[in-house]
Amino acid sequence: MAKRIDVSGLNAYYGSFLAIEDISMTIEPRSVTAFIGPSGCGKSTFLRTLNRMHEVTPGGRVEGKVMLDDENLYGAGVDPVSVRREVGMVFQRPNPFPTMSVYDNVAAGLKLNGSYKKSELDDIVERSLKGANLWNEVKDRLNKPGSGLSGGQQQRLCIARAIAVEPNVLLMDEPCSALDPISTLAIEDLIGELKERFTIVIVTHNMQQAARVSDRTAFFNLAAVGQPGKLIEIDETERIFSNPSVQATEDYISGRFG
Amino acid sequence: MDITTQTSASPPPPAPLSPAEQKRAARAATRPGDRIFLGLSRGSGIFLLVIMAAIAVFLTWRAVLALSENEGNFFTTFEWNPTGNPPVFGIAVLAFGTIVSSIIAMAIAVPVAVGIALFLTHYAPRRLSGPIAYVIDLLAAVPSIVYGLWGALFLVPKLEGLYGWLDDYLGWTGILAWQGGAPRSLFTVGILLAIMILPIITNVSREVFRQVPQSHQEAALALGATRWEVIRMAVLPFGRSGIISASMLGLGRALGETMAVAMVLSPLFDIQVSLLDFGGGTFAQNIASKFGEASVMGQDALIASGLVLFVITLLVNGAARMIIARRKEFSGANA
Amino acid sequence: MSHATLPDRRSSLRGASLPKWFPWAAAAGSIALGLGISAAAGLQSDIQWGLIAAVLFVIGTYAVASKVEGRRQAKDRVATSLVWVAFILAVVPLASLVYETVKRGVKVLDGYFLSHSMGVVGDAEPGGGIYHALLGTLQQVGIATAIAVPVGVLTAIYLVEYGRGKLARAVTFFVDVMTGIPSIVAGLFILSIWIVTFGMGQSGFAGAMALTILMLPTVVRSTEEMLKLVPNELREASLALGVPKWRTILKVVLPTSIGGIATGVMLSIARITGETAPLLMLVWTTPWINANPFDGPQGSLPVYIYLQYQSSAGVGPGYDRAWAGALTLIAFIMILNLAARGIARWKAPKTGR
């Protein structure tokens, strides 16, 4: 199920502006990798290059290689649509489809691909909602609009929607930044469970969160505003937070900037 | 801020005044300058209400005068002879023509306009979509007399081939049979009206599609949706009420359109079975072509038909506005 | 799909896909085929081969794509091709409208045409011009603007700056109602009150009153939108300095939004300039120059176009004059529109988009 991601020599542009430069890293399967760094360092941009969402932004353009096991996402003839089926994504703000019910939100991705019997669909929806620790809260209102849930529930609904299609990788772009502490805790617990099945990459502003949920941590930084963001180092989370090999990482983590 | 798009782009309402400010405003209103200014602006508002009241009163009054003389049934008579003795007139033919030509116009214009709006927001290269939207915006301002001129002198001759075709293949339906006269029928009117209301429906729909939150579209993309699936999952559901109200605005225009219809249609005060045969008429066209030869009684009868047209457009516009208002309430739920 | 677990999935991210040039080739192919069929069947109208080509394009795209790429991709391609077809279907008539008007209009449009009336020219004779109609249109639109702008702007000020309570709600509601009045109904109203009831004759002023009714609601609406964009802080800052409210409105609120208001006014002028039906009823026309809008029938550009078209029956000098009049009218309206948009862009309040 879970696959390894191998990035080499990746540049991403907005128009002619180079947003991130020359990034190479390996993301291990069945683990949580956190991206941290100051605002504007390109960590979200980099995340979006991992399922080809970056090119959705007008002017967005990518150079370099992203290998998903043995396939290059940016290889010739690769269909971005199939890439996004393999690499799911959860966004900063919960974004359930407002016109769909809870049930339809979870089933949305499945309905795109082929026809399912009602009973199969029911099974998958239930399993996904359970997987997102949301089943008990919504099982009585599957047919109510998804936008009626609380912010934390909505975000878990989005996670359920993403895992329903069983992707290989799950990208999370600051999934808790719009949530209260209790909802945040629920999502962090969930991430711990999901890593048994998926390769998880999470961008976070919150260093405690990175320390709590991730196995490996990558630190991004930029030399100055207007300069491209770069990967400074990636290592075991414990090492990054206790004994990083680069001074800038230590400065950032100990709160000297950012 | 683009004026022409105000129907869908709701500006922030002005913040309510605080109690202290209201008190201050009340005190200020006693100042002579303030009193005069308030009087002027309130007076203008009242003036506007007076005009509306006058329109309602005068049209109704003249219409009642005409109707009280009418020997025919106003709603079912297939005849327009208000100057005869006794006067006989009815709006059945006009209602039929107005509704049929508007339905044809909507059936053509709405899908095409939604298509163009999607083209501009989701398909066209960015460099192209800006200028095209601008030009379509401008085309909404082309007056109906010019559409009429173009329709009568350019479109009508071109339609002969199409009419022959429709008659060949669909003539058996009866409603698309063609006896071969000039193609100046309700169907042609419908096509011309469709072209005329395209720009307005396109503009409003485009505005609505542009407001679809990026986050919903990205959610669909991240699930592995193709472009069309993104539109079906995120764009059309969000824009549905917007499309409906845009169509209603277009319908309002089509119903009241006068000159273009008068120039393209060969009127005949009767209902034709086939849409392709010339004849029929619409409320507005009938007023424009008959008022000149009409006596006071004849004019009053036309006014009665105009009142019906007014009420119909009122209902259509009201429905459009209600849908827009309802949409405003719901769109705040989840940004 | 028989099992409830997972959809069968291609192990590869790479599906069979059609080359980039495919849509263009399909389009070219269907146009060629459409032309071929219509030539073979001896069809005369361009509309026919155009429609054939459009249908061939959509169906062909679906057939090929579903064979090569699968059903979902095929649907996506059909949607794309439909959207393109819709765009072209709409652009062709609209472009043709502009093209025909310009092509046929330039024939007689010159300085002479703009500066002479039809006074001594018969309908079937060449020569003559639109001076009388231009003059009439400018006067009628000018009178309508002179009434509608102050009333409209003041009403908008009332609604935004003072309006609370029943009166304001009623005004707001009826402005909406007024927006939907068909121009012919506005014409009928003035006809019934001014001509039928008061027994006045046709005149430029009667037409101007109908135009006022059509212009008022758009002026109110657009001014309202602009006033609402003025940030409340500005008003408060001025009021806090002890400036009376009416001076605040005149010196702070209006100057801030004047660009937007001017834009709205110009757009509504452009809208009423092309109105024909009410003028046909209320002003009628005269081939002579009538510089007094309060006395007797007066020329106007839209009515001029209509009557030249009617009398010419599609041929002869009247036909050319109708097109030249239409070109003048479009040019006038487009210039107003472009100028309005120009102002909007220069003077847009910073809170705007």
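The values are calculated or read from the model by the stated rules, or taken from the named source; none is laboratory data. Quick caveat, the model's predicted, so the values are computed rather than measured. Backbone-built Cβ (ideal geometry, glycine too); neighbour counts: all protein chains shown.
Under 9 Å between Cβ atoms, which residue pairs at least 6 apart in sequence (or on different chains) link something in the stretch A:34-46 that is of a type in the set (D, E, K, R) with a partner that is in a loop (DSSP other than H, G, I, E, B)?
A:LYS43/A:GLY37; A:LYS43/A:THR204
Do any helices (runs of 4 or more DSSP H) entirely within the stretch A:175-258 hold 1 or more residues that are more than 28 Å from A:ASN95 (Cβ to Cβ), and if so, which?
Helices (runs of 4 or more DSSP H) meeting the threshold: A:237-242, A:247-253.
Consider C:PHE189 against the criteria (1) under 25 Å from B:PHE283 (Cβ atoms); (2) surrounded by 24 or more Cβ atoms within 10 Å (Cβ to Cβ); (3) in contact (Cβ under 8 Å) with a residue 60 or more places away in the chain: it satisfies all of them except one. Which criterion is unmet?
Here C:PHE189 meets the rest and fails (3).
Looking at the structure I just gave you, is C:ARG235 closer than 17 Å to B:VAL50 by Cβ and either at pLDDT 95 or above or charged (D, E, K, R) (or both)?
Answer is no for this residue.
Condition first: among the aliphatic types (A, V, I, L, M) and free of Cβ contacts under 8 Å to residues at least 24 places away in the same chain. Now tell me which residues in the stretch C:235-253 satisfy that.
C:ALA237, C:LEU239, C:ALA240, C:LEU241, C:VAL243, C:LEU250, C:VAL252, listed by residue number.
Could you grab me the full set of residues in the stretch B:252-307 that are more than 23 Å from C:LEU279 (Cα to Cα) and either of a type in the set (Phe, Trp, Tyr) or modelled with pLDDT of 95 or more (or both)?
B:PHE269, B:PHE278
Is it the case that C:LEU89 is of a type outside the set (Gly, Ala, Ser) and outside any helix (DSSP H, G or I)?
No; evaluated as a whole, the condition is false for this residue.
Out of all the residues in the stretch B:264-314, which are among the hydrophobic types (A, V, I, L, M, F, W, C) and not in a helix (DSSP H, G or I)?
B:LEU265, B:LEU268, B:PHE269, B:ILE271, B:VAL273, B:LEU275, B:LEU276, B:PHE278, B:ALA294 - these are the residues of the stretch B:264-314 that are among the hydrophobic types (A, V, I, L, M, F, W, C) and not in a helix (DSSP H, G or I).
Among the helices (runs of 4 or more DSSP H) lying completely within the stretch C:96-203, list those that include at least 2 residues that are at pLDDT below 90, among the acidic types (Asp, Glu) and at positive phi.
none
Within the stretch C:209-234, can you find the residues that are more than 8 Å from chain B (Cβ to nearest Cβ), in contact (Cβ under 8 Å) with a residue 24 or more places away in the chain and surrounded by fewer than 22 Cβ atoms within 10 Å (Cβ to Cβ)?
If the condition is that a residue be more than 8 Å from chain B (Cβ to nearest Cβ), in contact (Cβ under 8 Å) with a residue 24 or more places away in the chain and surrounded by fewer than 22 Cβ atoms within 10 Å (Cβ to Cβ), then C:PRO231 is the only one that fits.
If I filter the stretch C:331-349 for residues that are out of contact with any His (no Cβ under 7 Å at 6 or more places or on another chain), more than 8 Å from chain B (Cβ to nearest Cβ) and polar (S, T, N, Q), do I get at least one hit?
Within the stretch C:331-349, not a single residue is out of contact with any His (no Cβ under 7 Å at 6 or more places or on another chain), more than 8 Å from chain B (Cβ to nearest Cβ) and polar (S, T, N, Q).
Count, please, the residues in the stretch C:235-251 that happen to be β-branched (Val, Ile, Thr) and crowded, with 18+ Cβ neighbours inside 10 Å.
Qualifying residue count for the region: 2.
Does A:ASP69 satisfy being touching a helix residue (DSSP H, G or I) at 6+ places or on another chain (Cβ under 9 Å) and of a type in the set (Asp, Glu)?
Here the answer is no, as A:ASP69 does not meet what is asked.
Does any residue of the stretch A:120-135 turn out to be within 13 Å of chain B (Cβ to nearest Cβ), out of contact with any Asp or Glu (no Cβ under 9 Å at 6 or more places or on another chain), of a type in the set (A, V, I, L, M, F, W, C) and outside any strand (DSSP E or B)?
no
Name the single residue, out of those in the stretch B:284-303 being more than 18 Å from C:SER183 (Cβ to Cβ) and either in contact (Cβ under 8 Å) with a residue 12 or more places away in the chain or facing chain C (nearest Cβ under 8 Å) (or both), that is surrounded by the fewest Cβ atoms within 10 Å (Cβ to Cβ).
So, considering only residues that are more than 18 Å from C:SER183 (Cβ to Cβ) and either in contact (Cβ under 8 Å) with a residue 12 or more places away in the chain or facing chain C (nearest Cβ under 8 Å) (or both), the one surrounded by the fewest Cβ atoms within 10 Å (Cβ to Cβ) is B:SER295.
Do you know which of the residues in the stretch B:168-197 that are touching a Gly at 6+ places or on another chain (Cβ under 8 Å) and of a type outside the set (Val, Ile, Thr) is surrounded by the fewest Cβ atoms within 10 Å (Cβ to Cβ)?
Going through the qualifying residues, I end up with B:ALA177.
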